[in-house]
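What follows is a short report on a single structure.
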Amino acid sequence: MALDYITAGESHGPQLTAIIRGVPSGLALTAEEINLDLARRQGGYGRGARMKIEKDTVQIRSGVRKGITLGSPVTLVVENRDYQVWIDQMAPEPGPLDDRKVVTRPRPGHTDLAGALKYNHHDARNILERSSARETAARVAVGAVCKRMLEEFGVTIYSHVINLGGITVDARGMTHDEIRQAAEASDFRVARPDDESRMKDLVDHAKSEGDTVGGVYEVVVLGVPIGLGGTMNWDEKLDARLAQGIISCQAIKGVGFGMAFDVASTPGSGVQDPIGFDATSRGEVVGGTASGRGPTGGFYHMSNNAGGIEGGLSNGEPIIIRAAMKPIATLMKPLASVDLHTKEPFEAVRERSDVCAVPAAGVVGEAIVAFILAKAFQEKFGGDSLAEMRRNYDSYVEYLKAW
């Protein structure tokens with residue numbers, strides 16, 4: 001069965017739930033491993049009060065026995081501690097609503113207005129509860145499971161922030177390990193700690209003005225073998241699938257690979273990646289772990305402007321994805337809006353929110369990328385069990401060696 005998942009739950013409901021089907025049997029998996037990524041999602045300078053209330057942990061409700069996946073659907077639950085405050089207004093049983101909790105003044109930049117009209121809700125809370133970025137906690141839990149599967153094949157994923165509110169971070173000259181370690185130690189998930197003080201001042205100023213800050217994060221995937229995805233049909237292309245996944249995340253407005261939009265202003269000779277061949281490393285990783293390459297049969301690229309994907313297929317180089325996140329739409333100094341009931345002009349409603357969530361968005365991006373790559377892995381190497389997938393993968397690597 002193809003790898004797939006669904007999430008459910010509202011921002012102030014009792015819990016978030018994710019059900020993953022198609023996870024192969026025999027994969028070692030614990031709640032503690034998932035909790036590490038859930039904690040990373042809650043970090044970063046500029047987060048709001050909700051992060052002080054919620055300390056996300058996962059409960060594995062099905063599909064795992066004694067730390068090993070069974071091949072049956074894996075159910076993950078993340079409880080919302082804030083539900084205790086909202087239980088009267090979010091409970092499924094019939095009852096009156098508190099007028100103070102009803103949202104009739106939609107927030108510009110959110111889906112409050114369009115969602116209320118589409119689903120015929122006169123209380124926009126019925127829309128914002130599900131469209132909230134709180135939903136990404138469930139996706140991070142799913143992504144952590146997929147990361148575990150990819151790790152079995154030497155694939156690792158990390159993220160770092162390369163632009164925050166116009167302050168750019170130049171990580172050129174640093175190794176993957178150096179960037180990853182620096183980002184994990186940084187409140188802004190940046191590779192250069194010298195940039196943090198300016199970022200902190202920017203976020204503090206935005207907060208004092210009732211404003212918010214966006215930015216750009218980069219997701220890097222190491223160890224991906226050549227040939228994931230498809231080039232024969234539009235919906236099989238790996239970059240297209242990754243782009244759709246990233247853009248589905250709340251507040252993400254742009255996605256690029258490798259050089260991304262810089263290709264538009266660069267001559268072709270400076271964009272395309274020359275190809276080389278190393279006969280001494282047939283089927284092995286050319287350049288070792290420092291390069292981040294996966295098995296390619298000895299072929300490699302002398303640069304990686306394409307970001308590891310050409311024509312919809314992984315080319316063996318590290319996959320590099322950049323995502324542009326708009327400033328969070330909930331402002332403490334709200335913009336103009338119109339009341340859904342009276343049609344009179346008002347300031348938009350205020351909801352508890354972050355000033356900046358770009359560092360956390362990078363962790364969500366990792367999870368989204370992990371799922372799509374794990375799905376592509378399963379499509380390429382098949383198998384109901386991890387052992388079967390490994391046999392198929394090893395056979396593919398041997399094929400590359402002999403090609």
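The values are calculated or read from the model by the stated rules, or taken from the named source; none is laboratory data. Just so it is clear, the structure is predicted and the values come from calculations on it, not from any experiment. Because the Cβ atoms are built from the backbone with ideal geometry, glycine has one as well, and the counts that use them run over all protein chains shown.
For Gly307, work out the one condition from (1) at pLDDT below 95; (2) not in a strand (DSSP E or B) it doesn't fulfil.
Looking at each condition in turn, Gly307 falls short on (1).
Is at least one residue of the range 267-277 acidic (Asp, Glu), in contact with a helix residue (DSSP H, G or I) (Cβ under 8 Å, 6 or more places away or on another chain) and at pLDDT 95 or above?
No; the residues of the range 267-277 include none that is acidic (Asp, Glu), in contact with a helix residue (DSSP H, G or I) (Cβ under 8 Å, 6 or more places away or on another chain) and at pLDDT 95 or above.
I'd like the residue in the range 113-155 that is among the acidic types (Asp, Glu) and in contact (Cβ under 8 Å) with a residue 40 or more places away in the chain and, out of all such residues, is farthest from Pro345 (Cα to Cα).
Glu152
Every residue in the range 231-246 that is of a type outside the set (Gly, Ala, Ser), within 19 Å of the chain's Cα centre (by Cα) and under 23 Å from Val271 (Cβ atoms), please.
Matches in the range 231-246: Lys237, Leu238, Asp239, Arg241, Leu242, Ile246.
In the range 10-26, what residues are crowded, with 22+ Cβ neighbours inside 10 Å and either in contact with a Ser or Thr (Cβ under 7 Å, 6 or more places away or on another chain) or outside any strand (DSSP E or B) (or both)?
Passing the criteria: Ser11, Leu16, Ala18, Val23, Pro24.
Quick one: which of Ser337, Ser395 is of a type in the set (S, T, N, Q) and surrounded by 14 or more Cβ atoms within 10 Å (Cβ to Cβ)?
After applying the criteria, what remains is Ser337.
Determine which member of the set Ala183, Ala191 is among the aliphatic types (A, V, I, L, M), surrounded by 21 or more Cβ atoms within 10 Å (Cβ to Cβ) and under 17 Å from the mean Cα position of the chain (by Cα).
Numbers: Ala191 fails: under 17 Å from the mean Cα position of the chain (by Cα).
Only one candidate qualifies: Ala183.
Given the structure, is Thr136 under 24 Å from Gln42 (Cα atoms), in contact with a Cys (Cβ under 8 Å, 6 or more places away or on another chain) and surrounded by 14 or more Cβ atoms within 10 Å (Cβ to Cβ)?
Against the criterion (under 24 Å from Gln42 (Cα atoms), in contact with a Cys (Cβ under 8 Å, 6 or more places away or on another chain) and surrounded by 14 or more Cβ atoms within 10 Å (Cβ to Cβ)), Thr136 qualifies.
Might you check whether a residue that is touching a strand residue (DSSP E or B) at 6+ places or on another chain (Cβ under 8 Å) and either in a strand (DSSP E or B) or under 19 Å from Gly258 (Cα atoms) (or both) occurs anywhere in the range 353-360?
Checked against the condition, which is being touching a strand residue (DSSP E or B) at 6+ places or on another chain (Cβ under 8 Å) and either in a strand (DSSP E or B) or under 19 Å from Gly258 (Cα atoms) (or both), the range 353-360 yields no hits at all.
List every residue pair whose Cβ atoms sit under 7 Å apart, with the two residues 6 or more apart in sequence or on different chains, where the first one lies in the range 214-236 and is within 30 Å of Pro327 (Cβ to Cβ) and the second, anywhere, is of a type in the set (S, T, N, Q).
So the pair list comes out as Gly215/Asn163; Val216/Asn163; Tyr217/Ser159; Glu218/Ser159; Val219/Ser159.
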